[in-house]
Amino acid sequence: MERSKKVKLITGLVITALVIIMAVWGMIKTPYDPYSMDTSAKFAGVSLKHVFGCDQFGRDIFSRVLVGVRETMFISACVVFIGAFLGTVIGTVTGYFGGWLDEFLMRINDALLAFPSVLLALVVIGLFGSGKYQLIVALGIAFIPSFARIVRGEVLKIRNLDYINAVKLYGASNFRIIVVHILPNLKTVLLSSIIIGFNNAVLAEAGMSYLGMGVAPPNPSLGRMLSEAQTYIFTSPLAAVFPGIVIAFMILGFSLLGDTVGK
Amino acid sequence: MMLKVEDLCIKIHDKNSTETVVKDVDFTMKRGDILGIVGESGSGKTMSALAIAGLLSRHNMEKSGNIIFEDINLLNCSRKVLRKIQGSEISMIFQEPLNSLNPIKKIGWQVEEGLKIHTTMERLERKERALKALKDVELDNPEAVYNSYPHELSGGMRQRVMIASAMIVSPKLLIADEPTTALDVTIQAQIVELLKKINKERGTAILFISHDLSLVNTLCENVLVMKDGLVVESGKCADIFDNPREAYTKGLIEAIPHNPFYNGKVI
């Protein structure tokens, strides 16, 4: 592996590991209760007691960031899982069988792709109300088309290779060809698109929560914290700075990983 | 007759135009026959072979005529029957050994595929059979090949592996679609020898498709010459090479690079 790639990989791994440690920490125990307010510590600055300072209600920002990372990671992971799973199913079926089913599903796919995903998510939330699980479903649906496209292209390529013809000639059923011979070959493509998708999901979740359509207050998520902090951004920038930095780091880590994986 | 192809026509429908790629192809094969099909690129040899193997897709293509294999018409039998025949009676090896093996599975696993689908053998028994098949195609170290991945093998070895996995189900007909085109000359000769041996020892009929007339001449008894989807000439290899009737066949024979040491004879 060349040197620059190695540096990218190691930096990516370290940053991602840090973010995951924060998420796990947020799952187990936080230094302070992220919901309890302390009026005496309102807008407290960075100190040993409160490493990231406190927000407008005197809640410890560090604890809230930990829980926020946990929430954001959970939502993004679910979104990517839904998108990748259904996208793979749709992509494989359409790519492998072709015909009218392919035309039909791919036109729906094109239509979905033509919508901005935030708008699409807004529609779903408008129909089912806002909340964490509605957000997961909404973004999950919005993430299907890109996965379906990537998988379909790859399946189309593999389907016409001779070894698929060869196993067809050994009498393998379509199901066996897809599951045993085609899907394992999608691994690398899927892995890198999952990482890129995860990035997009983090951003989309932050965006939706910022717009007030994701996690409901008082629960923290990184986007939610940003949107709450913007009112006080000139009096107390800390509350906006730290969640922002963590989002940036998450994206950076995964981007570096995504660059090195699958190439 | 084991295989009887009658009036085979293949038309490909594109958006606006229809193109006939194979026209009225007729031929028969007995058990143990070796039939060569020669012709330039685009003459319809591969399409005919894929049609016999049942590998042509069922959309946007129109096939007429009959392909009768052991009294079953492959062109209009049910998918289930076709798959049964495909697995155990007809096998095929392809032009590009690079693409004809799955890059992420071990060789042994792939050679066993036919057995996995068609028999209820135990793992160890299958392994034994696969090793024997690899040995039969004259690979030096079957055990090592069994445990390697396709990218670790050379082109010639991969083609041998393909032959092994095609022959593991003991088919009656082996279709070889330009199996030596991607290989260098010495390996070509070895592969042809191997096919000859398989034909002699096991009585497998071979449909050998090539544009290399000298290879066809060394391997086949009978030959079909195809051009633009039509069979222009057919008969015994020796007759056709000695006195070709069609101008096209003459052209093909003249196009063979001659070796001065053989006095211009086709070897």
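Here the contact order of chain A, divided by its residue count and restricted to Cα pairs under 8 Å and six or more residues apart, works out to 27 percent. Taking a Cβ cut-off of under 11 Å around residue B:156, the surrounding Lys, Arg, Asp and Glu residues balance to a net charge of 0, with basic ones at +1 and acidic ones at -1.
Which percent, nearest 5, of DSSP beta bridges in the protein assembly as shown are antiparallel? Provide the component values of the computation, followed by the final result.
On the way: 25 of 44 bridges.
Approximately 55 percent, going by the DSSP bridge assignments.
Computed over chain A with a Gaussian network model linking Cα atoms closer than 10 Å, the most mobile of A:57, A:81, A:147 is A:57.
Starting from the Kirkwood Rh over alpha-carbon pairs, what translational D in µm² s⁻¹ does the range B:100-170 have by Stokes-Einstein at 37 °C and 0.692 mPa s? Write out the running numbers ahead of the final one.
Details: Rh = 11.7 Å.
Translational D for this selection: 280 µm²/s.
Put a dot 7 Å past the Cα of residue A:13, heading toward its Cβ, do the same for residue A:27, and the two dots end up 2.1 nm apart. With each label modelled as a point 7 angstrom along the Cα→C-beta vector, the residue B:250-residue A:46 pair spans 9.2 nm. If you wrap the Cα atoms of the protein assembly as shown in a convex hull and average its projected area over all directions, you get 32.8 nm².
Dividing the mean sequence gap of close Cα pairs (under 8 Å, 6+ apart) by how many residues the range B:100-170 holds gives a relative contact order of 48 percent. All distinct Cα pairs of the range B:163-254 go into the 1/r average, and the inverse of that average, the Kirkwood radius, is 14.1 Å.
Pick from A:152, A:107, A:64: which is most flexible by mean-square fluctuation in a GNM of chain A where alpha carbon atoms under 10 Å apart are linked? Greatest mean-square fluctuation among the candidates belongs to A:107. What is the list of residues in the range B:95-128 whose amide nitrogen lies under 16 Å from a point 7 angstrom out from the Cα of residue B:190, following Cα to Cβ? From the range B:95-128, the list is B:97-98. The shape of chain B comes out oblate: with a ≥ b ≥ c from the C-alpha gyration tensor, a/c is at least 1.5 while a/b does not beat b/c.
Comparing mean-square fluctuations of B:143, B:201, B:178 from a GNM of chain B with C-alpha springs under 10 Å, the top value falls on B:201. How high is the FRET efficiency between residue A:133 and residue A:6 when r is their beta carbon distance and R₀ equals 45 Å, given to the nearest 0.05? Efficiency, rounded to the nearest 0.05: 0.65.
What net charge is computed for the residues neighbouring residue A:215, neighbours being all others with C-beta under 10 Å from the C-beta of residue A:215, Lys and Arg scored +1, Asp and Glu -1? List each step's numbers first, then the result.
Details: positive: A:132, A:224; negative: A:71, A:205.
So the surrounding residues net to 0.
Between rounded, prolate and oblate, where does the range A:51-116 land on the alpha carbon gyration tensor, with a ≥ b ≥ c its root eigenvalues, rounded for a/c under 1.5, else prolate if a/b exceeds b/c? Prolate, because a/c is 1.5 or more and a/b exceeds b/c. Protection proxy ranking, highest mean first, for peptides A:176-189, B:102-115: B:102-115, A:176-189, where packing is the per-residue count of other beta-carbon atoms within 10 Å, averaged. The residues packed around residue A:15, meaning those with a beta-carbon under 13 Å from its beta-carbon, carry a net charge of 0 if Lys and Arg are +1 and Asp and Glu are -1.
Neighbouring Cβ atoms from other chains, within 10 Å of the Cβ of residues in A:179-190, number 2 on average. Once the Cα atoms are used to define both axes, helix A:99-114 deviates from the longest principal axis of chain A by about 20 degrees. At a Cα cut-off below 12 Å, give the aspartates and glutamates reachable from residue B:45, other chains included and same-chain residues fewer than 8 away excluded. Cα-Cα hits under 12 Å: B:177, B:178, B:228.
Every number here is computed from the coordinates shown, using simple stated rules; none is lab data. These numbers were taken from a predicted model, which means no experiment stands behind them. All Cβ positions, glycine included, derive from the backbone under ideal geometry; neighbour counts span all protein chains shown.
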